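*Asks:* The structure that follows is given in the form of structure tokens.
No lab work stands behind these numbers, since they all come straight from the coordinates. On a predicted model such as this, the values are computed, not experimentally measured, just so you know. Backbone-built Cβ (ideal geometry, glycine too); neighbour counts: all protein chains shown.
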């Protein structure tokens, strides 16, 4: 029994050390990528890009389902984007709240018939509205069909060669699209997809109302930990994936795609819990199978702030959904696992997801049980146990501090005192935040095994303007 | 086991705790330095620093980091308008590294001197740099470089002719004859650019040339021709543009709709016959344009029994009718409120 326990503990600690070693390597690669992109961005002529007729126009698509509290500020920020030519298409996906009424009131919508192409089959479109105030705003009102269906309805109406799918609860910086399209404009033949770094807040409008450099991070540690989670995910991991050629998750809150690629692939898939990660996997699979040159990139620029859950229940609901969609997608694309035909995506990217995301909840359960038993049975002294926890906590804190450093060097968004607070919160992440995520991931894996594909949308926070 | 775990934990802690402190100091120290620099503004380099910048700007770094230092040096020297700037930018432009060339293009555009413009035009003729980037800089220098674009319209390279035609578009007084000739170019991209540029030049020759291209075999030429014909030939071109509402390409149909909407109510006589077209796309398109130019609302409010309105509803389908009824009901309410 003791031997078995010792083996289990060894496996779990080995997994922990190995995965953290991988994260350290990714953070170093992410730092290099961050440096390169920062230099590129500093050398970029944004003023010319923002006024040139050679800047590629973009259709921004917002899928909205019961987003009455957030939709007006999101659309206002999109209409205010500093970009030479863009249209904003809001798809009201059969909301049962006042989403459409709020839009109609704020933007003076009028119903019009629009004979758009029907490249993708979607649920029935009930009406199309145009804004009297903003000629580049369209609202498509349709029967509920899920986010993927709503985005496909938006694609049918989109007029431009590039589309940018965004979430209805996110407020964007004025230069978000310009920064996102910068590399596309340089090489439109190769760059087919771009995503960028987003941050999180309980009330995005309030956070974004301050200029860059003076923005605050939510005072509640619960939201600040989610902010740190985003920083690590984007700046330590996704930037490195991007540099290594396996950027496997273009986030739904800000995803730019070349439209002909989406048309070729049949649009967003409705058969998954969420649409973003699956689409990114599908793009890689398709282009690598056909041996075509392409790039899907993640940029370090902070382009906007999205709403984070403000209660544990909402956070668990969100994160269990994320875990489920990762499980669904990695399982669906199992033909890519360790398959050299899919280059770095098949050899490193998908196995990375498999080991660090899909299998993680099982290993974490094993770790909690075996370490707890070891402590009870006296395999470790309490002092060794405490030392081990401290080591893990500071290992995580170092990775977090690295992400904070990369973010601040890149965008100088937050006040120094907020950065100091984040740095101090980092070592406690293991004890205050990780247990919640552990529970959510476990729940997500269980629901995946049961075949649950419901969205379980969490109720929106009360916003300062809406309150 | 206990011993091993203890040792590993000690090693990990011994590495990670100082690393966390070090990174924290780097975050806060770096930020304080940045804030201070923001307050005092950029420092002017002294003689030795300028020499170092010159060496970097003309050097050939082997690493990516070195490349960015070179680009930074080029930018700083150009901003200072150092006497060696033309020499440095010339070399950077033809460097072969797209990043360095890109920085040179940006600096040349920011400088805007005649020599800089000539260098940009020369870069447009060569194929070693991103032509769209060069064009974006030349575009923003309006109206200085206009006359330098004329020779580009007669260049043997079709890509150069394309960019010449694109860039000369806003210069209404320049190059009309050359552009009309380019509408017969063998390269469809050049024809498209030429017809788009002619859209800015009202005149008989431009009108004839644009209308002729409505029948072009390349669909994207027809797109530009439709838009240009609406601008240049006006109502005279409306029947020809209205025929394109039934084009096999969606983009052409959309361009035709945009062009007809741009003509306003003057396009109505050309659109009415299309309402009875055997082509469903053409009928829908005509009804949509009549809706967008306000005719549907006008008839629904003033002459609800009009046979023309019935024909538009028939061509546009029930949703067009529902949308019109909703709009007009609202308009009637507003009128009643005003009258009351």
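*Asks:* Could you work out the helix-only [θ] at 222 nm for chain B, with each DSSP H run of four or more residues adding -39,500 (n - 2.57) and the total divided by the number of residues, to the nearest 500 deg cm²/dmol?
*Replies:* Computed ellipticity for chain B at 222 nm equals -22500 deg cm²/dmol.
*Asks:* I'd like the mean, over residues of B:126-135, of how many other protein chain beta carbons sit within 10 Å of each residue's own Cβ.
*Replies:* Mean number of neighbouring Cβ atoms from other chains: 2.
*Asks:* Explain nothing, just the number: relative contact order of the range B:146-260, from Cα pairs under 8 Å at least 6 residues apart, as a whole percent.
*Replies:* Computed over the range B:146-260, the figure is 19 percent.
*Asks:* GNM on chain B, C-alpha springs below 10 Å: top fluctuator among B:286, B:84, B:116?
*Replies:* In the Gaussian network model the winner is B:84.
*Asks:* Another question, then. Using a 10 Å cut-off around each Cβ of peptide A:29-40, what is the average number of partner chain Cβ atoms that fall inside?
*Replies:* 2
*Asks:* Above 17 Å lies some portion of the pair distances; for the range A:2-64, what is it as a whole percent of all C-alpha pairs?
*Replies:* Summing the P(r) of the range A:2-64 above 17 Å gives 71 percent of all pairs.
*Asks:* To continue, here is another question. For a Förster distance of 41 Å, can you work out the FRET efficiency between the beta-carbons of residue B:44 and residue A:53, rounded to the nearest 0.05?
*Replies:* About 0.65, to the nearest 0.05.
*Asks:* Consider all pairwise Cα distances in the range B:146-260 and report the whole-number % of them above 16 Å.
*Replies:* Cα-Cα pairs of the range B:146-260 separated by over 16 Å account for 51 percent.
*Asks:* Each label point is 7 Å from the Cα along the Cα-to-Cβ direction; what then is the distance between the points at residue A:375 and residue A:210, in nm?
*Replies:* Here the answer is 3.7 nm between the modelled labels.
*Asks:* I want to verify a result. In a Gaussian network model of chain B, Cα cutoff 10 Å, which of these has the top mean-square fluctuation: B:192, B:32, B:287?
*Replies:* Largest GNM mean-square fluctuation: B:32.
*Asks:* Taking beta carbons within 10 Å but only from partner chains, what does the mean come to for residues B:321-327?
*Replies:* For this peptide, the per-residue mean of nearby foreign Cβ atoms is 4.
*Asks:* Where in the range B:297-320 does the label zone of residue B:330 land, with the point 7 angstrom along Cα→C-beta and an amide N cut-off under 12 Å?
*Replies:* none
*Asks:* Once the Cα atoms of the range A:54-187 are picked out, what are the Rg and Dmax in Å?
*Replies:* In Å, with Rg to one decimal and Dmax whole: 13.9, 42.
*Asks:* Now for a separate question. I need to check one value: relative contact order of the range B:50-141, counting alpha carbon pairs closer than 8 Å and at least 6 residues apart, in percent.
*Replies:* 22
*Asks:* Then there's this: Give the shape of the range B:194-340 as rounded, prolate or oblate, defined through the alpha-carbon gyration tensor: a ≥ b ≥ c are the square roots of its eigenvalues, a/c under 1.5 means rounded, and otherwise the shape is prolate if a/b is larger than b/c and oblate if not.
*Replies:* Prolate, since a/c reaches 1.5 and a/b exceeds b/c.
*Asks:* Report, largest value first, the span of the C-alpha coordinates of the range B:272-332 along each principal axis, in whole Å.
*Replies:* Projected onto its principal axes, the Cα set of the range B:272-332 covers 35, 18, 18 Å.
*Asks:* Next question. Using a Gaussian network model on chain B with a 10 Å cutoff between Cα atoms, which of B:190, B:27, B:50 fluctuates the most?
*Replies:* Evaluated over chain B, the most mobile residue of the options is B:27.
*Asks:* I've got another one for you. At 0.36 nm per residue, and after removing the present C-alpha to C-alpha distance, how many nm does the segment from residue A:337 to residue A:1 gain when stretched out fully?
*Replies:* That works out to 117.5 nm of additional length.
*Asks:* How do A:388, A:1, B:80 rank when sorted from fewest to most other Cβ atoms within 10 Å of their own Cβ?
*Replies:* Least crowded to most crowded, the residues run A:1, B:80, A:388.
*Asks:* Shape of chain A from its Cα gyration tensor (a ≥ b ≥ c, root eigenvalues): rounded if a/c is under 1.5, otherwise prolate when a/b > b/c, or oblate?
*Replies:* Prolate, because a/c is 1.5 or more and a/b exceeds b/c.
*Asks:* Across all directions of projection, what mean area in square nanometres is found for the Cα convex hull of the range B:3-66?
*Replies:* If you wrap the Cα atoms of the range B:3-66 in a convex hull and average its projections, you get 7.8 nm².
*Asks:* How far apart, in nm, are two points set 7 Å out from the Cα along the Cα-to-Cβ line at residue A:101 and at residue B:337?
*Replies:* Once both label points are built, they end up 1.6 nm from each other.
*Asks:* Let me ask something additional. Cα axis of helix A:382-411 to longest principal axis of chain A: angle in degrees, 0 to 90, nearest 10?
*Replies:* Approximately 30 degrees, to the nearest ten.
*Asks:* Now for a different question. Let me know the shape class of the range B:50-141, please: from the alpha-carbon gyration tensor, a ≥ b ≥ c as square roots of the eigenvalues, rounded when a/c is under 1.5, otherwise prolate if a/b is greater than b/c, or oblate.
*Replies:* It is oblate, given that a/c is not under 1.5 and a/b is not larger than b/c.
*Asks:* At 222 nm, what helix-only mean residue ellipticity would chain A give, in deg cm²/dmol to the nearest 500, using -39500 (n - 2.57) for each DSSP H run of four or more?
*Replies:* -16000 deg cm²/dmol
*Asks:* Return a whole-number percent for the relative contact order of chain B, with Cα pairs under 8 Å and 6 or more residues apart as the contact set.
*Replies:* The value is 7 percent.
*Asks:* Mind checking the full-extension length gain between residue B:251 and residue B:157? Use 0.36 nm per residue of separation minus the Cα-Cα distance, one decimal, nm.
*Replies:* Gain in length upon complete extension: 31.1 nm.
*Asks:* Return the FRET efficiency for the residue pair residue B:218, residue B:301: r is the Cβ-Cβ distance, R0 is 41 Å, and the value is rounded to the nearest 0.05.
*Replies:* For residue B:218 and residue B:301, the calculated efficiency is 0.45.
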